[in-house]
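Here is the structure we will look at.
Read the figures in this text as sums done on the coordinates, not as results from a lab. Note that the coordinates shown come from a computational prediction; the quantities given were computed from them, not determined experimentally. Cβ sites come from the backbone with ideal geometry, for glycine too, and all protein chains shown count toward neighbours.
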Amino acid sequence: MAGHGLRLLVQATYFVLIARALGAEGLGAFMGVVALVNIASPFAGLGIGNLLIKNVSRNAGLFACCWGNALLVTFVSASVLFVLVLAFWYLVLAASVPGSLVLVVAVSDLFFGRLVDVSGQAYMAFQRLNRTAQFQVMLSSLRFAAALLFLTFSPGHRPVDWSLYYLGGTVITALIAAALVSCELGSPKLALERIRPEMKEGFYFATGLSAQGIYNDIDKTMLVRLSTLGAAGIYAAAYRLIDVAFLPVRSLLWAAYARFFQHGVAGLQGTLGFAKRLLPLAGGYGLAVGAGLFIAAPLVPLVLGADYGETVEAVRWLALLPFLKAVHDFAADSLTGAGFQGQRSCVQVLVAVTNVGLNFWLIPIYSWRGAAWASLLSDGLLAVALWVMAWCLARRTQGQPAGNSPPLANP
């Protein structure tokens with residue numbers, strides 16, 4: 001919470017600076033590209049970081065080989081995704097955003113951003129959340145420094161120029177984080193024979209995270225294509241405020257993630273019991289912060305600038321999302337901890353497909369309001385579907401061995 005609180009302050013500050021400098025259209029172009037890359041980035045690693053947490057939280061002796069395999073798989077898969085993202089830009093977005101912007105953001109988030117994430121997951125496996133939080137604060141702080149440099153030395157304030165400073169902050173954080181992991185937790189070792197047997201479960205993790213990226217972020221990219229850059233900027237600014245408001249719940253989920261695997265030894269009864277102890281706090285916060293956002297929304301243009309007048313209405317449309325996200329995220333982690341990641345991913349993929357269909361239908365008619373409707377419907381559907389699935393599986397598996405695989409032995 002302390003780490004996310006500091007990150008919240010730093011992130012909000014540099015976001016205001018960048019939003020004012022780029023304007024609604026420039027912010028829309030940049031956030032549309034970031035959203036596109038975020039959909040692909042979970043496959044940069046194929047879920048290897050989640051497997052690292054699962055295996056090491058149960059058997060610390062596996063760390064060296066899990067860390068080495070994570071670095072290798074992340075680099076190889078990110079290279080493939082980099083080519084695919086550029087191909088998608090050429091086929092779909094070439095008329096809307098420059099290729100140089102896509103290239104720089106893809107390098108930043110597919111390679112170095114994922115390295116920051118995996119480094120944080122290495123410490124999560126040992127429940128050393130202080131380091132994980134420090135990496136996120138470091139990333140936000142360096143991007144804040146990058147924003148100051150951008151405002152000082154880039155008079156044109158173009159999105160492409162900002163992406164280069166954005167890349168610099170990410171690279172420095174990634175190199176420091178990976179070095180600390182190797183020095184404090186152990187040097188990486190390759191155990192190639194372990195990669196293939198775990199790829200099925202890793203693919204489930206990656207698919208679930210990518211589906212999550214789709215129903216969270218694809219609307220921003222689709223607004224760039226199906227509406228205007230200005231509409232994309234207005235919606236992206238509102239959604240970023242929702243993300244910032246949700247950070248306390250996300251920090252609670254991060255802190256609890258490894259424990260879901262430990263409670264998962266007892267099956268879904270164990271993970272659901274753990275989730276039900278945390279959900280009232282997170283859900284209550286989601287409702288309270290949503291009400292606060294609804295009331296305080298008129299302050300947004302005073303902070304971000306006159307370009308963002310419509311963001312007031314957008315924030316109010318999206319104010320229910322922190323509550324919906326809290327509800328479905330605890331159900332999702334309960335399924336994962338008990339070994340039902342495949343079922344979780346299937347539900348997330350179905351909701352992602354539904355979200356894309358709704359956006360194709362609603363955005364051309366209602367612009368960002370259509371995207372807001374699609375988000376609310378998708379998150380609500382996800383909350384209901386995941387809790388119904390968890391309840392049904394818990395009844396079906398009551399008294400049976402847990403669905404997750406047994407702890408792996410030392411190599």
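For the stretch 190-231, the fraction of C-alpha pairs farther apart than 12 angstrom is 68 percent. Comparing mean-square fluctuations of LEU382, LEU226, LEU321 from a GNM of the chain with C-alpha springs under 10 Å, the top value falls on LEU226. The average projected area of the stretch 2-397, computed from the convex hull of its Cα atoms over all directions, is 17.6 nm². Exceedance of the 22 Å cut-off in Cα-Cα distance is limited, within the set LYS220/LYS325; LYS54/LYS200; LYS276/LYS325; LYS200/LYS220, to LYS200/LYS220.
Annotation: the residues CYS183, CYS66, CYS346, sorted from fewest to most other C-beta atoms within 10 Å of their own C-beta, follow the order CYS183, CYS346, CYS66. Could you work out how far the C-alpha centroid of the stretch 39-88 sits from that of the stretch 261-298, in angstrom? Going from one Cα centre to the other spans 27 Å. Normalised by residue count, the stretch 1-126 yields a Cα convex hull volume of 100 Å³ per residue. Inter-label distance, PHE294 to ARG277: 3.2 nm, where each label sits 7 Å from its Cα along the C-beta direction.
Across the alpha-carbon atoms of the stretch 256-411, the computed radius of gyration and Dmax are 18.9, 60 angstrom.
Helices of the chain meeting both criteria, an alpha-carbon length of 30 angstrom or more along the long axis and an average Kyte-Doolittle score not below 1.6, with helices taken as full DSSP H segments, are 63-88.
Each distinct pair of alpha carbons in the stretch 69-219 adds a 1/r term; the inverse of their mean, the Kirkwood radius, is 17.1 Å. Comparing GLY339, GLY169, GLY305 in a Gaussian network model of the chain (Cα springs below 10 Å), the most mobile by mean-square fluctuation is GLY305.
Oblate is the label for the stretch 64-158. Its Cα gyration tensor axes, ordered a ≥ b ≥ c, give a/c of at least 1.5 and b/c at or above a/b. Remark on the stretch 77-129: hydrodynamic radius 12.4 angstrom, per the Kirkwood mean of 1/r across alpha carbon pairs. With springs connecting C-alpha atoms under 10 Å apart, model the chain as a Gaussian network and identify which of THR132, THR13, THR336 has the largest mean-square fluctuation. Of THR132, THR13, THR336, the most mobile in the Gaussian network model is THR13.
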